[in-house]
Amino acid sequence: MASELDNIAAQFEPLSVHTNPEICRAALSQVMRLHVNGIDCARLLPGMLKLLAHPDLVTKKAVYHCTAMYASKNPELSLLAVNTLMQECSDSNPLIRGLALKTLTSLNHETFVEYCLRGINQGLSDKSVYVRRVAARCCARVYQQNVDLYNDGTLVNQLYNMLRDSDPIVVVNSMMALEEILSKEGGIVINKNIANHLLNNLKDMTPWGQCYILNILQKYKPKTQDDTFNMLNILDAFLVSQNTAVTTACLQLFLSLISSLPHLRPQVFKRYIKNIVAAIPQGNPELVFHILDHLNSYREEIKAELQPHYSIFFCKESDPLYLKKLKLNMLPHLTMPSHAKEILSEIFLHTSSSSREISLWALKAVTVVFKCDASTAPIVIKKLKQLIDSENPHTISNIFRVVRSLNLNEIKGGSEIIAKIASKHQKLTDTEGQLAFLSVLSQYGNLLEDSPYIIEEYVENFPNETNSVIKYQLLMTCVHVFFHHPAAMQGILGQVLELCIQDADKSVQSQALLYYRLLNHDVEHTKIITSIEMQELQEL
Amino acid sequence: EVLISRVYRDDIGRNAVDAFRVNVIHARQQVRSPVTNIARTSFFHIKRSNIWLAAVTKQNVNAAMVFEFLLKMVEVMQSYFGKITEENVKNNFVLIYEILDEILDFGYPQNTDTGILKTFITQQGVKSQSKEETSQITSQVTGQIGWRREGIKYRRNELFLDVLESVNLLMSPQGQVLSAHVAGRIVMKSYLSGMPECKFGINDKVLMDTRGRSNMDESSSRTGATSGKSSIAIDDCQFHQCVKLSKFETEHSISFIPPDGEFELMKYRTTKDISLPFRVIPLVREVGRSKMEVKVVVKSNFKPSLLAQKVEVRIPTPLNTSGVQVICMKGRAKYKASENAIVWKIKRMGGMKECQLSAEIELLNTSDKKKWTRPPISMNFEVPFAPSGFKVRYLKVFEPKLNYSDHDVIKWVRYIGRSGHYETRC
């Protein structure tokens, strides 16, 4: 490591401001590479400073960058740089002026503050737009390093004046600087004049500027309704902008402006959605994920507007998992009788996916669709029957987990499903599946004749069972099934209670004791209590 | 390995890099959200092949904006040196730092317009500036007619218009279109003298409605006014900065002074009345557990006089395929085991034709109980027309100061429709 640094230091020896730019650049890129990997290149600083006044712009930029990185630790050395930088702040090329100013203010050390302020003052009233933009940003940067500077308000006043500059980026930068500097006071105060000025210039700004200003405008509260509507009119164009970030920021602003006019919300959402759904099918997955996530937070409110656009939630093959999850999450809530079938067939496609998580979410989505629209019952039942026959181990376990939330007691064909499912329980290998099966048993024990015998199997295995959650569930299931088939279960229940009371795990033990005492005391009451327990489980 | 890192504000330290590496790149769960929160710091990332681009912040920012910015950054870098690969990044180290320097300062995105960035960040490096060049750059940076300089002269005034469309389709096994859209861009290469004003006419419903009332339109007098069939409905479009938007809003005409050379005039999208160039009809039959019979019919749906090129159909095969026998009359089909697909390539295909491929796929008997979910059949192709129905009606050039008229300009138009995500489920 040290040898590598020595090597590079040696490379810098012969270089000067007159050396060929290619050689300089090569040496500097090596330095940057080392820095990125965490190696401290401070000892190379003297060598690099020789190149400060090099005429090649690229070399210059690289040197400035490196200087800024290490200056705070080496103030004496950097003093050498400051001289050159101050000179370059008056160079004829605006790019160099801007660059010099930027670097000057990045030298994070108190000895340079005075020079910085001088440079900034000069920059703020520069002829070139490029330099003014840089100067505005540098105000904020200097402030970040030296918080107590701004007790005198001259710079702040100047920045306020810059808000009236002709170039939109300068306006945004000044805005940003003022926000940062006045952050202790809650940032800049937007009065009507400033708000109007910003609104009029919004269309000339870059999309990032627009995002930022739309955010800031949330601070302004128009006094009259006329003013509000004027603002809304101007902002309308941005609600349907091409850039999704701008439309989202604009939506937020709209919603805050019409907080006193809630009846306008559906209209606003309608317009926003119409535009945003155009961006979704071709957008990058990360961006689409965010837009959908954002819409999800308003889901209940905008259901009506989203429903016609349900097709955007169909998953493409190449969608990453997190996006598929979100889509499967949101899609079922948009069911309407007219296209319930289509939505269901899309979801069914994913139920047999090879990914365990996707198949689980798809099945959950099916239950949501079913809850929204009970007329889909026959299709759902048919599909479930088909899925049960699947060879996939995780499909079965997922089905169990999902069946709990469907009220199969009231569906035609529900008992067939239960019987079919029960026959497959031996294929379950994972804990969640087993737990789910046990709670299915407790819920639908009345539909299954053999439930006591199935439980018997489990109970026989009880001493070998190490997972206390399963033991707990088994106990509860036994009690519930007891009320469905009292005669058959009595013996088994006794056996289970005995085993549980002697069990090492405290929660199992205490629950068993509780049941024993309840049953001992009053069987009828126990029945009522357990039925409430079951209801709560179902709602989960 | 960290390739490039740039810190804009002092609140993020070096350990952020390590945190990201451990928690996101080497995370064990499959589902990785593009946003991660670690210790009150948010990491937003996108991944392109094996390069990760991450933006880190401690403040509450607009997530959509961060991603749009990351995507724009990728776009800018691609316009300089092509695809984002490790090699390209290492070779253009200094350039990328320059770009990062310009587009983001102190954590706030500045100007990301590729055209403007290219004027003062060039790959060869800017040589010592003469006074004149300096003033040019400054005026370009301030955004007056900075996209075209005065005094351009050509002996032959020519312009080339490329209508490049990408058609995307998702079709159900029963042949129902689940979603379809066309994303198009018009790229213009202009070699015109002076500062010519150009007027661009297309067959968009909205534009034609207003033009139907105005006079002097050669095309509408030729083809008859707004007939519903020959016009298309554009959902939304975006223009290059040189297009005078005020004229677009009032007269619905696209009027501009073009930059010299190549530039993208407009971007648009349509979702209605798309003429899908190809229809894929799949038929899959599983014979027991050891064989699968697949028959795929591809029908081309455009004028017989046109030819589609580079047609490729990819039929996915299960992972436990042991061998494939393929028969096809047109083109060449090969089973590519490494890609788990049968790739059927047809060099040229005319319109209103039908091609068929049948394949017998032998499967290994596996104990693996997982059922194979069939991925959709995807297609790639290039057709010499615009699937959206987009048609250039005219492009008129007016240069009052110099002595050449619209008739003296040589104009070329070509339509290239390419496949984007063209998938048929089976």
Using 1/(1 + (r/R0)^6) with R0 = 51 angstrom and r between the beta carbons of residue B:332 and residue A:382, what's the FRET efficiency to the nearest 0.05?
0.75
Rounded to the nearest 5, what is the percent of antiparallel bridges among the DSSP beta bridges in the protein assembly as shown?
90 percent
Compute the distance in nm between two label points, each set 7 Å from the Cα along the Cα-to-Cβ direction, one at residue A:317 and one at residue A:161.
6.4 nm
In the calculated pair distance distribution of region A:170-215, what percentage of Cα-Cα distances lie above 17 Å?
29 percent
Between residue A:532 and residue B:238, what is the label-to-label distance in nm when each label sits 7 Å out along the Cα-to-Cβ direction?
6.0 nm
Determine the gain in length on full extension of the stretch residue B:325-residue B:293; use 0.36 nm per residue of separation and subtract their C-alpha separation, reporting nm with one decimal.
10.5 nm
Base-10 log of normalised Debye intensity for region A:177-335 (one unit scatterer per alpha-carbon) at q = 0.09, 0.11 Å⁻¹:
-0.34, -0.50
If you take the charge dipole of the protein assembly as shown about its Cα centre, with +1 on Lys and Arg Cβ and -1 on Asp and Glu Cβ, which of B:274, A:287, A:311 is farthest toward its positive end?
B:274
Given R₀ = 60 Å, what would the calculated FRET efficiency be for residue A:299 paired with residue B:197, taking r from the Cβ atoms and rounding to 0.05?
0.75
Heavy-atom accessible area per residue - the protein assembly as shown, 1.4 Å, Å²
47 Å²
Within region A:327-345, list the residues whose amide N lies under 12 Å from a label point set 7 Å along Cα→Cβ of residue A:375.
A:336-341
Share of carbon and sulfur in the accessible heavy-atom surface of the protein assembly as shown [1.4 Å probe, %]:
51 percent
Ratio for region B:346-402, C-alpha Rg to 2.2 N^0.38 Å, reads 2.36
Find how much the distance from residue A:234 to residue A:261 grows on full extension, using 0.36 nm per residue of separation minus their present alpha carbon separation; answer in nm with one decimal.
8.0 nm
Probe radius 1.4 Å, ligands and nucleic acids left out: can you give me the accessible area buried at the B-A interface, summed over both chains, in Å² to the nearest hundred?
6200 Å²
Residues along region A:252-287 losing 30 Å² or more of accessible surface when the other protein chains are present rather than the chain by itself (probe 1.4 Å):
A:278, A:281, A:282, A:284, A:286, A:287
Nearest 10 degrees is fine. How inclined is helix A:75-88 to the longest principal axis of chain A, computing both from alpha carbons?
70 degrees
Debye intensity ratio in log₁₀ form over the Cα atoms of region A:127-229, taken at each q of 0.16 Å⁻¹
-0.69
Whole-number D in µm² s⁻¹ for the protein assembly as shown, Kirkwood Cα-pair radius fed into Stokes-Einstein, 4 °C, 1.567 mPa s
39 µm²/s
Could you give the size of the charge dipole of chain A about its Cα centre, using +1 on the Cβ of each K and R and -1 on the Cβ of each D and E, expressed in debye and rounded to the nearest 20?
1640 debye
Straight-line reach from residue B:330: which lysines fall under 28 Å, measuring Cα to Cα and dropping same-chain residues less than 8 apart?
B:291, B:295, B:299, B:303, B:310, B:345, B:347, B:353
Based only on Cα atoms, what mean projected area does the convex hull of region A:262-355 have, in nm²?
6.2 nm²
Here the FRET efficiency for residue B:153 versus residue B:411, based on Cβ atoms and R0 = 22 Å and rounded to 0.05, is 0.70
Straight-line reach check, residue A:192, cutoff 28 Å on alpha carbons, 8 or more apart in-chain or any other chain, hits among lysines -> A:184, A:203, A:219, A:221, A:223
Quickly work out the residue A:502-to-residue B:286 label distance, labels modelled 7 Å from Cα along the C-beta direction, and quote it in nm with one decimal.
4.9 nm
Calculated [θ] (222 nm, deg cm²/dmol) that DSSP helices of n ≥ 4 give over the protein assembly as shown, each run adding -39,500 (n - 2.57):
-14500 deg cm²/dmol
Over chain A, what is the mean sequence separation of C-alpha contacts under 8 Å (at least six apart), divided by residue count, expressed as relative contact order in percent?
5 percent
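The values are calculated or read from the model by the stated rules, or taken from the named source; none is laboratory data. Note that the structure is predicted; figures quoted are calculated from it, not measured. We place every Cβ from the backbone using ideal geometry, glycine too, and count neighbours over all the protein chains shown. SASA here: full protein model, heavy atoms, side chains in, ligands and nucleic acids out. Shrake-Rupley method; radii C 1.70, N 1.55, O 1.52, S 1.80 Å.
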